[in-house]
Amino acid sequence: MSRPSAGSAAAPTSNGRHPQPGHANGNGNGHAGNGHSAPPVAADVANDVAVADWNDLLQAVKARMRQLGDAMRSHDADAPSGVLECATALDQLQETLLHELGRHRRLELELFDTRMALAMSRSALAGTRDGERRARHQALHDDLTSLPNRTNFLARLQESLAPGEASRAPLAVFYLDLDAFKAVNDTHGHAAGDELLRIVAARLARALRAEDLVGRLGGDEFACLIADMPGPAALTQLARKLYDTVAAPLTIGALRFVVRPSIGIAMCPDDADTAATLLQCADAAMYRAKRQQLGHAFYEAQADAAARGVTAQRGAAAP
């Protein structure tokens, strides 16, 4: 009797049926069409049918061999017992095959569980990385306007002032505060005030060059880092541009607003050479511009000395 080879189609059973391969999608590779393992439980249904068919076939073959062996013994007691020995060998082979099949199924289940765990770990890792990116962004940016916050702005400013850079160009800091902004909040509510701040932030970002930086320091205060400072005359022109940009009428729902900024300007290295001190100088100049209704003012050490002391205390208290 010939036996099916490892690469051949399954042999027919005693009732003429062919054992069906144990694959959920019938593509012969044990995997679903998308390249992932089919659930072992689904594949086991087809496998059980195939195992039952092969068991039926082996049982029939062994029974027939034992009948032949018994018939030969009945005619000749000294007849060779090879047929009966083959039937016994088939018993052992069948037991071994069933054991290996059980081990194969356990391995398939373990592989499936491992792949599922790996997929879940990858998904969790991707979620963790997204969460870390969001956390870093939130730590360095203002929630309301998405501009760099005070911490981020000061860090970027300090990087621009890093010592030892021979090619470092002069730079300037603009400190902006909105006049009478508190009245907007008190009269029309914080929702209108928040929307006004978002509009002002967007206007400032559009008005500056790509190499410049604008951040929200808190409340109604903004700061601009002007890289590669072009000189006082150009800075005056830029201050007027920013003033007109912010002071242009804006509409929020049925409300129409005109808010005007006060702008203080400090230059490096003329006024200061550290981030915190430069920002304090620009803040002090802004106070003088607001007090005298100048629109903008450059830092002057003698005129702004008292105001700078106040801004230094405010800066120390800021988060």
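The values are calculated or read from the model by the stated rules, or taken from the named source; none is laboratory data. It should be emphasised that the depicted structure is a prediction, and the values quoted were computed from it without experimental measurement. Because the Cβ atoms are built from the backbone with ideal geometry, glycine has one as well, and the counts that use them run over all protein chains shown.
Scanning segment 248-269 for residues that are part of a strand (DSSP E or B), of a type in the set (A, V, I, L, M) and loosely packed, with under 15 Cβ neighbours inside 10 Å yields a single hit, LEU255.
Among the residues of segment 192-199, is any at negative phi and either free of Cβ contacts under 8 Å to residues at least 12 places away in the same chain or not assigned by TED's automatic domain parsing to the domain that holds LEU279 (or both)?
The answer is no, given that none of the residues of segment 192-199 is at negative phi and either free of Cβ contacts under 8 Å to residues at least 12 places away in the same chain or not assigned by TED's automatic domain parsing to the domain that holds LEU279 (or both).
Scanning segment 216-236 for residues that are exposed (fewer than 13 other Cβ atoms within 10 Å of the Cβ) and at negative phi turns up ALA233, ALA234.
Looking across segment 101-123, not a single residue is more than 24 Å from ALA52 (Cα to Cα) and in contact with a Gly (Cβ under 9 Å, 6 or more places away or on another chain).
Taking ALA172, is it closer than 23 Å to LEU140 by Cα, in contact with a strand residue (DSSP E or B) (Cβ under 6 Å, 6 or more places away or on another chain) and either crowded, with 22+ Cβ neighbours inside 10 Å or acidic (Asp, Glu) (or both)? Criteria met by ALA172.
Yes or no, residue by residue, for (1) among the aliphatic types (A, V, I, L, M); (2) under 26 Å from GLU195 (Cβ atoms); (3) in a strand (DSSP E or B):
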residue: GLU211; (1), (2), (3): no, no, no
residue: LEU217; (1), (2), (3): yes, yes, yes
residue: ALA223; (1), (2), (3): yes, yes, yes
residue: PRO230; (1), (2), (3): no, no, no
residue: ALA234; (1), (2), (3): yes, no, no
residue: GLN237; (1), (2), (3): no, no, no
residue: LYS241; (1), (2), (3): no, yes, no
residue: VAL246; (1), (2), (3): yes, yes, no
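Here ALA289, ALA297, ALA275 are screened, and the one residue that is under 38 Å from the mean Cα position of the chain (by Cα), surrounded by 18 or more Cβ atoms within 10 Å (Cβ to Cβ) and either small (Gly, Ala, Ser) or at pLDDT below 90 (or both) is ALA275.
Which residues, taken from segment 173-192, are of a type outside the set (A, V, I, L, M, F, W, C), under 37 Å from the mean Cα position of the chain (by Cα) and not in a loop (DSSP other than H, G, I, E, B)? Even if it seems obvious, please write down each step before you answer.
Start the filter on segment 173-192 by keeping residues that are of a type outside the set (A, V, I, L, M, F, W, C), which leaves 175, 177, 179, 182, 185-190.
Imposing the further condition that a residue be under 37 Å from the mean Cα position of the chain (by Cα) reduces the set to 175, 177, 185, 189-190.
Matches in segment 173-192: TYR175, ASP177, ASN185, HIS190.
The set of residues from segment 108-146 being of a type in the set (A, V, I, L, M, F, W, C) and either under 30 Å from LEU196 (Cβ atoms) or loosely packed, with under 11 Cβ neighbours inside 10 Å (or both) comprises ALA117, LEU118, MET120, ALA124, LEU125, ALA126, ALA135, ALA139, LEU140, LEU144.
Kindly establish whether VAL41 is in contact with a Leu (Cβ under 9 Å, 6 or more places away or on another chain), closer than 29 Å to ALA119 by Cβ and modelled with pLDDT under 75.
Details: in contact with a Leu (Cβ under 9 Å, 6 or more places away or on another chain): yes; closer than 29 Å to ALA119 by Cβ: yes; modelled with pLDDT under 75: yes.
When the stated conditions are applied, VAL41 passes them.
Scanning segment 231-251 for residues that are farther than 19 Å from MET286 by Cβ and touching a helix residue (DSSP H, G or I) at 6+ places or on another chain (Cβ under 8 Å) gives ALA248, LEU250. Among residues of segment 85-98 that are under 17 Å from VAL51 (Cβ atoms) and at pLDDT 80 or above, none has a Cβ under 7 angstrom from a residue that is exposed (fewer than 12 other Cβ atoms within 10 Å of the Cβ) and of a type outside the set (Asp, Glu) at a sequence gap of 6+ or on a separate chain. In segment 309-317, the condition of being at pLDDT 95 or above, among the hydroxyl-bearing types (Ser, Thr, Tyr) and assigned by TED's automatic domain parsing to the domain that holds ASP194 is met by no residue.
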